Amino acid sequence: MNTILLDAQDPKTPAFAADLIRQGRLVAIPTETVYGLGADGLNPEAVAKIFAAKGRPGDNPLILHVTDPEQMPRFCHHIPEAAYLLAERFWPGPLTMVLPANPCVPKRTTGGLSTVAIRCPKTEVTREIIRLAGVPIAAPSANLSGKPSTTTAQHVLHDHRGRIDAIVDGGPCAVGVESTIVDLTESRPRLLRPGGVTPEELTAVLGDLVVDKAVTAPVRGDAIVKAPGMKYRHYAPQEPVVIVSGPREKAAAYIRAHFTPGDRVLCFEEELPLYTGCAPLAYGREADASSLSAGLFAALRILDDPTIGRVYARCPEGGGIAYAVQNRLKKAAAFHIVDAEAEP
Ligand code: TXA
Ligand code: MG
């Protein structure tokens, strides 16, 4: 199969991509978070192709992408007032809500669950493609299963050249980490995955938010978790990643003492001078957490290299978007964290 690269700026792109979607084909689409691997979310055969292309376990459900909140009742029922409040405040944008699914949503899409995840992306070309296709687009992050997510069309091409029909190139994704997921099917709203909409922003609207334990701690492969995707190995380069926490100079001293040739350091731009000779790679500025979220996956992809021995990584602290960066980096490190201050 020849994978066609479509320019998001080309006025013919939305109709062309929408046609492919209607034909049950696979089209990678840009969103403000990461690139998605899209197909007609109501067509089980089309959705099955997503799982095959990604190598994704069949029990890991997909997000349905729609253009506006009015479409929620088509695909969901028992929609609480909170869902409309969140949609009004954060859609289009990096927020996904989990709600009870209507029968029109195939079990293939929901991974067999009775609920469905739904989101309204912000990127205009993708909204136009959904509109013209006339169906919701089911799309997971477009990376091969287990690999760091795709934040450029080139990342998607790298993973899927010859395996999917087309990629819409909309340039690099602004947010850079996947959407925030909130489960609204229980009595209390539950954060299943932190992302571009921060826990603080959610709490301001909802007045209440439970953080699922899979967000902050490792999950065993056989565990029953709310978001099935949480239990799989994620975002990880092939070599081990170790997060070194603590003040800048202490962390640098620890890393320099343990560094062996072939290792790499993933750090903040402000820290580059501390790692001369240690093959440092900066993924953004510590003083600007959104630069870290925008740069994280591209950096993890560069570091996904069999010649690398070990990656020592620096992780931002605090809330806001930094909370989502911590979550992805800790998962990439399989929660292997060393506190430089506690080390001799
Ligand atoms: O930003 C994003 O959300 C991107 C872009 C393309 O929209 N998509 C994305 O999809 O990150 P994916 O498939 O990589 O991650 C979706 C996560 C998975 O962990 C999955 O298990 C969870 O959402 N999920 C999907 N449906 C669910 C449901 N009904 N209940 C609980 N978790 C669900
Ligand atoms: Mg993903």
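Since every read-out is calculated from the coordinates, none of them should be taken as a lab result. Note that the structure is predicted; figures quoted are calculated from it, not measured. Reconstructed Cβ throughout: ideal geometry from the backbone, glycine too, with neighbour counts over all protein chains shown.
Summary of computed values
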| quantity | calculated |
| --- | --- |
| Reciprocal of mean inverse Cα separation for the chain (Kirkwood radius, Å) | 20.4 |
| Relative contact order (%) - criterion: Cα under 8 Å, at least six apart; region: region 113-242 | 19 |
| Contact order relative to length of the chain, as percent, for alpha carbon pairs under 8 angstrom and 6 or more apart | 19 |
| Spatial separation of Cα centroids for region 272-286 and region 301-344, in angstrom | 14 |
| Proxy reagent accessibility, fewest Cβ within 10 Å first, across S187, S149 | S187, S149 |
| CD proxy at 222 nm, helix term only [per DSSP H run n ≥ 4: -39500 (n - 2.57); per residue of the chain; nearest 500] | -8500 deg cm²/dmol |
| Likely footprinting exposure, F335, F90, F16, F51, fewest C-beta neighbours within 10 Å first | F335, F16, F51, F90 |
| Estimated dipole of region 1-134 in Debye, rounded to 20 [Cβ of Lys and Arg +1, of Asp and Glu -1, Cα centre] | 360 |
| Ranked Y323, Y84, Y312, criterion: other C-beta atoms within 10 Å, fewest first | Y84, Y323, Y312 |
| Ratio Rg/Rh [Cα only; Rh per Kirkwood] for region 157-304 | 1.01 |
| The chain - charge dipole about Cα centre, Lys and Arg +1 at Cβ, Asp and Glu -1, debye rounded to 20 | 960 |
